[in-house]
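Following: one structure in structure tokens, then a few remarks.
Derivation of every value follows stated rules applied to the coordinates shown; laboratory data play no part. Computed from a prediction, not measured in an experiment: that's the story for all the values here. Using ideal geometry, Cβ is built from the backbone for each residue, glycine included, and neighbour counts are taken over all protein chains shown.
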Amino acid sequence: MRTLLAAVCCGWVALTVPRTDAAPTWAADSDAIRLALDDASERVVLVSNTRALAATADGGVWATTGERLLRLSADAAVRADIDLDAEGYGRGLALAVDPFDDSAWMTTDAALLLHFDRDGSLVTGMTLAAAADALAVALDQAPWVLAGGHLLHFSPIGASLALSGYDAAGAGSIRWAVDALRDRIWIADSHGLRRIGPAGNGLSILANVRPGPMHAMTLDPRTGDLWFIVDGSLTAIDPEGATLREFALPAMRDGEPAALYYDAVRDAIVLRTRADYTMLSRDGRILEEGESLLPSIIGDPVPFRIEPTLALIRPPGGAALHDPWPDVVLQIGAVCNGTPCGLSPDYVAGLHVAAELNGTPTSDPTFDPKTGRAALVPRSPMHPGINQLAARATDRFGHSVALDATVTLLSRGAEATARPGESADEVSLQSAASIAKAKNNAKSVAEPRQIAMYLTKTLTKASLPEIGKEFGGKHHSTVIHSVRKIDGLRKRDPEFDRLINSFVQAFR
């Protein structure tokens, strides 16, 4: 049972078992580990009695025979070979790969949980209360273990994070899926399907979703939808357990599928028997079908990973501006297994975005989850010449992306920035007075003129036409527009509001 468990416990991951252009297929029989390159060729490594395989993001694979743990590269060369028996670790059982660094976690029959880096060196190890029944590594790069009737969560360095009792008596074959984006775990056994999540300082059963055994199960890690096979049907439920769709399984040569996988790249479900495979769309249409390999073991696919992306939309990097107070707009996105993917609301909820202009933090971002755009406002004006903009987006799992850009303020923009020995108030008043009657409508001239119009309207009893006349013969509608714009900026930007208020107080 444990050999089967090692092959299915990570069935929630992103890439498929069938041979596609997206990823190589690793498999093993009693004599060798095989890498299928296409329909006509393969690479072979002579390793007998392989118990479990788990693919890595770089195209390689981790494998265990029980006595040995190996890492093979994408060209089937042996990159690490650990003699588990000689090191006193016991025999290898379940195997799982870290989705971000291709390191491997393993449980053994000596009730150990071991972590090896991609070169095969032991990173950390810990003793469990009993030999593990299942193992998975989530997006936080921390392992989940089912052992001795308990569900355990450890940090990447081995510290205990959570513990929950799990009645495994008479459970039979166990299948599970870790939904890291929504903080829950699905466990299916002969008793039925249960949803487990955080409660207080530990974990508890949130719901007993369905009774009865399930033959196979997989998770769409982006949406949280769970797919499973029961009573000859393929069923999908949402993260809360509500049924989304249900349809009859397609006919397959070797009977009911023994394994089920979700392909996040093609947004499809893959059914597999020993003889063949079928790829289905989410509405049940057959997208692809073909002959399956016939080994003893098919390797676990590359584990699902998601990372943030960050781009500067406005002002564009390297731009030259006249405006010392530019709006800053960032584009937030995500890549799943190296491919751009849509922003899940559950992923967006855990994102933190911060930016600095010349070392001074900007305002907190205003984020639009529909477009993925974050708007920020500088707390101080740019200085003439080159200005440095730095931003970082970090997800809830600690994975981040940084952005560094330069923006140049042209000399005319210096009119609205403080010079050494002058206050911002003094400079702004001087600039407004000097350009009040200018005919130039460039932004660097128009905005200070709008401030001057606003102050005139606020501080005097002059009519709108009178104000327009004093400002170079502007129409009264231009004065109205200027007053409304400055009033809106004051409401949106506390720093700008304080600056304008200091002007008003100085004249009263």
For this session: Enumerate the amide H contacts of residue 108 below 5 Å, restricted to partners 5 or more residues apart or on another chain; note that Pro and chain-start residues carry no placed amide H.
Result: 93, 132
Seminar exercise, completed: Hull surface over four for the Cα convex hull of the stretch 42-86, reported in nm², is 3.1
Problem set entry | Cross-link partners of residue 474 among aspartates and glutamates (Cα-Cα below 13 Å; sequence separation of 8 or more within a chain) | 466
For this session: Give me the net charge of residue 373's neighbourhood, meaning all other residues with Cβ under 13 Å from the Cβ of residue 373; Lys, Arg count +1, Asp, Glu -1.
Result: 0
Exercise. Taking the highest mean first, how do the peptides 352-363, 184-195, 226-237 order by number of other beta carbon atoms within 10 angstrom per residue?
Worked result: 184-195, 226-237, 352-363
Problem set entry | ³J(HN,Hα), Karplus 6.51/-1.76/1.60, whole Hz, each residue of the stretch 123-137, x for Gly, Pro | 8, 7, x, 8, 9, 9, 6, 7, 4, 7, 8, 7, 8, 8, 10
Seminar exercise, completed: Residues whose built amide H sits under 5 Å from the amide H of residue 276, excluding neighbours closer than 5 in sequence, are 254, 292
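Could you work out the relative contact order of the stretch 300-415? I mean the mean sequence separation of Cα pairs under 8 Å and 6+ apart, divided by the number of residues, in percent. Present the calculation step by step, with values, prior to reporting the outcome.
Values: 254 pairs, mean separation 38.0, N = 116.
Relative contact order of the stretch 300-415: 33 percent.
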Problem set entry | Phi to ³J(HN,Hα) by Karplus 6.51 cos²θ - 1.76 cosθ + 1.60 over the stretch 455-472, Hz, x for Gly, Pro | 5, 5, 5, 6, 9, 10, 9, 5, 6, 4, x, 5, 5, x, 5, 5, 9, x
For this session: Stick to the Cα atoms of the stretch 187-239, pair each with every other, and give me the Kirkwood hydrodynamic radius in Å at one decimal.
Result: 11.8
Seminar exercise, completed: Amide H contacts under 5 Å for residue 53, restricted to residues at least 5 apart in sequence or on another chain and with H modeled in the peptide plane, are 300
